[in-house]
Structures are given as C-alpha cells and as structure tokens.
1. Within the group 227, 207, which residue is closer than 30 Å to residue 29 by Cβ and of a type in the set (A, V, I, L, M, F, W, C)?
2. Among the listed residues 251, 204, identify the single one that is in a helix (DSSP H, G or I), free of Cβ contacts under 8 Å to residues at least 60 places away in the same chain and not hydroxyl-bearing (Ser, Thr, Tyr).
3. Among the numbered conditions (1) more than 16 Å from the chain's Cα centre (by Cα); (2) crowded, with 22+ Cβ neighbours inside 10 Å; (3) polar (S, T, N, Q), tell me where residue 126 comes up short.
4. Restricting to the range 229-248, and then to whatever is in contact with a strand residue (DSSP E or B) (Cβ under 8 Å, 6 or more places away or on another chain) and assigned to a helix (DSSP H, G or I), can you tell me which residue is farthest from residue 23 (Cα to Cα)?
5. When the residues of the range 207-228 are filtered to those that are within 19 Å of the chain's Cα centre (by Cα) and not in a helix (DSSP H, G or I), which remaining residue is surrounded by the fewest Cβ atoms within 10 Å (Cβ to Cβ)?
6. Which residue, of 158, 205, is within 18 Å of residue 142 (Cα to Cα) and out of contact with any Pro (no Cβ under 9 Å at 6 or more places or on another chain)?
7. Being of a type in the set (Val, Ile, Thr) and within 20 Å of residue 23 (Cα to Cα) is the filter here, so list the residues in the range 188-223 that pass it.
8. If you go through the range 160-167 one residue at a time, do you hit one that is of a type in the set (Val, Ile, Thr), buried (at least 19 other Cβ atoms within 10 Å of the Cβ), within 28 Å of residue 109 (Cβ to Cβ) and within 14 Å of the chain's Cα centre (by Cα)?
Amino acid sequence: MRLENKVAIVTGAANGIGLAISKRYLAEGVRLVMADIDADKGRAEADGLSSEGEVIFVQCDVGDKASVDRLVASTVDYYGRVDITVANAGILRTGAFLEVSEEDFDAVIRTNLKGVFLTGQASARQMVEQDPQGGIIINMSSVNQVLAIPQITPYVVAKGGVGQLTKVMAISLVEQNIRVNGIGPGTVATEMFHNNIATDEKALAAVMSRTPMKRPAEPSEIASIAVFLASDDSSYITGQTIYADGGRLPLAYTC
C-alpha cells in the first residue's frame with residue numbers, strides 16, 4: 001500500500017470523482033476524511049466505506065473559510081495531522097454567455113476557485129505547522145483549464161484560475177516540502193454524465209466526437225492519478241496539471 005497511514009482530506013467526496021478517490025485512498029492504506037456539503041450523502045458513503053479502512057465524514061462548505069478551517073481542525077483533532085489534501089469539490093452552472101447571471105457566476109467561482117484556494121491554504125498552514133516533512137495538495141481541474149465551452153462560462157473561468165493557482169501554490173510552498181499538482185479530466189462517467197449526456201444521443205455524439213479514445217474516463221481512472229500524485233512515485237513533480245482526457249487536448253479537428 002503506497003499511502004499507508006497517511007492522513008488525507010478529500011472534498012466533494014460524496015459523489016463521482018471524489019468518492020472514487022476516497023475508495024482508492026482507503027485501499028492504499030490512507031486514514032481518510034471525506035468532506036462534502038451534502039451531509040446525508042457524505043455520511044452514508046463514509047459509513048458504507050468504514051469496513052474498508054479508517055474513515056470519518058465532516059460536512060464542509062469549501063467556499064466558507066470558517067467551514068474549511070473547521071474541516072482541517074476536525075482532521076487534526078481526530079488523526080493528529082494532515083498529509084494529503086484533494087481539493088475536488090465543484091459545481092456547474094450552464095447557460096449562454098449573454099444569459100449567465102451574476103449569481104451563477106459568483107456561485108461557481110466561490111466553490112470551484114475560492115474553495116480550492118481556501119482548502120489549499122488551510123491545509124498547507126497545518127502541514128507547515130506540524131513538521132518539516134511537508135505534504136501533498138492535489139487540485140481537481142479540467143481540460144477546461146485550457147479549452148473553452150461557451151455554455152459553461154463560469155466553470156471555464158474557474159478552472160483556468162485553478163491552473164494558475166496550482167502553479168502559484170507549488171512555487172510558494174516548495175521550500176516547505178509541500179508539492180502541489182492538478183488533475184485535468186476530460187469527460188468522466190460520473191452521475192452527471194449518465195443522467196445528462198449518456199441519455200442524449202446528440203450530446204453523447206458531440207462529446208465522443210472530440211474524444212479520440214471514444215469513451216469517457218471511469219472515475220477510478222482519475223483516482224489512480226490522485227494516488228500517483230500523492231505517492232513518492234511523483235516525488236519530483238510539482239506545479240503541473242496531468243490531463244486525463246482520452247486525447248482531447250491534442251485533437252486539432254474532428255472528421
């Protein structure tokens with residue numbers, strides 16, 4: 001087990017990629033804190049995984065500093081330290097650019113960008129305080145860090161910010177032995193995909209047309225990258241975003 005006895009926080013852990021990372025981390029020996037704004041779903045998933053390893057659930061609104069600080073404090077109260085943090089929580093609002101409301105824009109930026117900043121800062125402060133061994137911070141980004149889909153303007157803007165935030169954090173924290181990297185998935189077969197894209201033949205064809213591998217990623221495939229980035233196998237990598245996109249970024253045009 002590559003992460004045995006490491007203490008990890010995963011935000012947005014009640015569903016999708018966050019839940020998949022939680023499962024893989026437990027399989028790798030992590031002592032886990034699952035965090036999510038959805039307390040009922042989060043507690044249910046944590047309870048269901050309790051037979052797989054040591055896990056607790058903490059409700060957290062990542063866009064609220066006091067809530068994030070409580071998450072880190074609760075982790076330290078229970079486990080004594082924080083070694084790994086995965087800032088995965090995110091939301092989506094759709095609509096044409098001219099129709100995007102200020103409220104929707106602010107909501108996405110608050111969770112998807114400010115939430116990554118608050119989670120990373122609070123975790124890094126704890127990592128610096130506890131000892132010189134440092135730690136690992138992983139920010140969940142997207143191919144939309146560099147690509148643009150006009151129907152999800154706030155999401156694209158937030159993920160672009162996450163890319164730069166990852167670089168700034170990595171450079172700022174390198175002397176404290178804290179490595180910071182990002183993961184940039186393409187289309188992933190989460191609940192959102194199955195409920196919205198997979199059931200719409202036109203939408204599915206559009207997504208697959210720009211994915212050379214002609215399939216979405218499984219959440220477990222993204223979780224494998226989160227294990228790699230949290231382990232010593234990636235010991236000389238910081239400030240990078242690993243894109244798991246089925247070949248989307250290199251694609252110049254569709255036939």
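The values are calculated or read from the model by the stated rules, or taken from the named source; none is laboratory data. Because the structure is predicted, anything quoted here is derived from the model rather than measured. Cβ: placed from backbone, ideal geometry, glycine included. Neighbour counts: every protein chain shown.
1. Details: 207 fails: closer than 30 Å to residue 29 by Cβ.
Within the list 227, 207, the selection yields 227.
2. On the way: 251 fails: in a helix (DSSP H, G or I).
204 is the lone residue from the list that is in a helix (DSSP H, G or I), free of Cβ contacts under 8 Å to residues at least 60 places away in the same chain and not hydroxyl-bearing (Ser, Thr, Tyr).
3. (2)
4. 234
5. Of the range 207-228, the ones within 19 Å of the chain's Cα centre (by Cα) are 216-228.
Imposing the further condition that a residue be not in a helix (DSSP H, G or I) reduces the set to 216-218.
Details: 216: 22, 217: 21, 218: 14.
The extreme case among them is 218.
6. 158
7. Looking only at the range 188-223, we keep the residues that are of a type in the set (Val, Ile, Thr), and these are 188, 190, 197, 199, 207, 211, 222.
Within the range 188-223, 188, 190, 222 qualify.
8. Going residue by residue through the range 160-167, those that are of a type in the set (Val, Ile, Thr) are 162, 166.
Adding the requirement that they be buried (at least 19 other Cβ atoms within 10 Å of the Cβ) leaves 162, 166.
With the extra rule that they be within 28 Å of residue 109 (Cβ to Cβ), the set shrinks to 162, 166.
After this cut, where a residue has to be within 14 Å of the chain's Cα centre (by Cα) as well, the list is 162, 166.
Yes, the conditions are met somewhere in the range 160-167.
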